[in-house]
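The values are calculated or read from the model by the stated rules, or taken from the named source; none is laboratory data. Keep in mind that what you see is a predicted model, and the values were worked out from it rather than measured. Heads up, the Cβs are rebuilt from the backbone with ideal geometry, glycines too, and the neighbour counts pull from every protein chain shown.
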Amino acid sequence: MKGKVSIIIPVFNEEDILSEYPNNLFPILENIIPEYSRDFEVILIDDGSTDQSWHHMGELLKLKPYIKILRNKKNLGMGAAIRNGIGMCEGDLLITMDADLTFRPEEIEILLTEYEMHPVDCISGSPYLNNNLMTEVQPIRKILSKIVNFIYCLELGQQVTSVSPIFRLYKRGVFSVITITSNNFEVNAEILSKMILSGLHVREVPAHLYTREHGHSKARTWKSIQNHAIIIGKIFRVKYLNGKWN
């Protein structure tokens, strides 16, 4: 085996989709990842769910030896959940993805194939590399995302089509170079920005973004815009004023 892949999945009130993992997640991982001569683990972090998510995670733990679970007593946010997942993973490669599987697990193959060809620090799945990759997403969300991405590109001096999606593969060593401080959904933009500012290398690959089939999105558009504005301000401080991130 070449090493281990750690799949990190933050969970918040996802009882419906968790019950389907034995059919729509685990078999796919078991088919794809061994093809790359790698072992894997799945780390589920319950971020203070108020439904039956923790119960379902306990049931999943009994099914597969590669599952690990962790529970935050209260909702701390996606960023905090990802930090906790990184802290308990064993893999030399880390893949982060949404619990609702709006980025399909089948596309993990795209991340791993690209990494085999170009073993850079991060392979980032982007639904903006092709107009057909997010046909189910509302137009207003697309417009706002493109505006935010354009501002990030200007500041960072690097062409990236999407800074926010969670669907990425990282080398484990990335998190020895950068420190995650964001607690919320903007954590993915923070990670990407800090990587680029630190001289780490990111490659984008096309990844489909679908609407969720269960529950509802936890993201709040205007709150996300506010949080992105804070990160954009921090990038300016670090890059142009020689200041610190915090």
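Values for this structure:
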quantity: Residue in the range 82-89 that is crowded, with 21+ Cβ neighbours inside 10 Å, under 17 Å from the mean Cα position of the chain (by Cα), of a type in the set (A, V, I, L, M) and closer than 25 Å to HIS208 by Cα present; calculated: yes
quantity: Extreme residue, surrounded by the fewest Cβ atoms within 10 Å (Cβ to Cβ), among residues of the range 189-201 that are assigned to a helix (DSSP H, G or I) and not aliphatic (A, V, I, L, M); calculated: LYS194
quantity: Which numbered condition ASP46 fails, given (1) more than 30 Å from THR113 (Cβ to Cβ); (2) surrounded by fewer than 18 Cβ atoms within 10 Å (Cβ to Cβ); calculated: (2)
quantity: Scope the range 169-188; condition over 21 Å from GLU114 (Cα atoms), touching a helix residue (DSSP H, G or I) at 6+ places or on another chain (Cβ under 7 Å) and not in a loop (DSSP other than H, G, I, E, B); matching residues; calculated: VAL187
quantity: Meets criteria (at negative phi, at pLDDT 85 or above and surrounded by 18 or more Cβ atoms within 10 Å (Cβ to Cβ)) for ILE230; calculated: no
quantity: Subset of the range 1-25 [surrounded by 20 or more Cβ atoms within 10 Å (Cβ to Cβ), touching a residue at least 40 places away in the same chain (Cβ under 8 Å) and in a helix (DSSP H, G or I)]; calculated: ILE17, LEU18
quantity: Conditions (1) under 22 Å from ARG168 (Cβ atoms); (2) outside any helix (DSSP H, G or I); (3) not aromatic (Phe, Trp, Tyr): number failed by ILE28; calculated: (2)
quantity: Verdict on PHE167 being crowded, with 18+ Cβ neighbours inside 10 Å, out of contact with any Asp or Glu (no Cβ under 8 Å at 6 or more places or on another chain) and not β-branched (Val, Ile, Thr); calculated: no
quantity: Selected residue (criterion: surrounded by the most Cβ atoms within 10 Å (Cβ to Cβ)) from residues of the range 99-122 that are touching a helix residue (DSSP H, G or I) at 6+ places or on another chain (Cβ under 9 Å) and within 20 Å of ASP47 (Cα to Cα); calculated: ALA99
quantity: Filtered residue count, the range 1-57, keeping only those that are hydroxyl-bearing (Ser, Thr, Tyr), within 16 Å of ASP92 (Cα to Cα) and under 20 Å from the mean Cα position of the chain (by Cα); calculated: 1
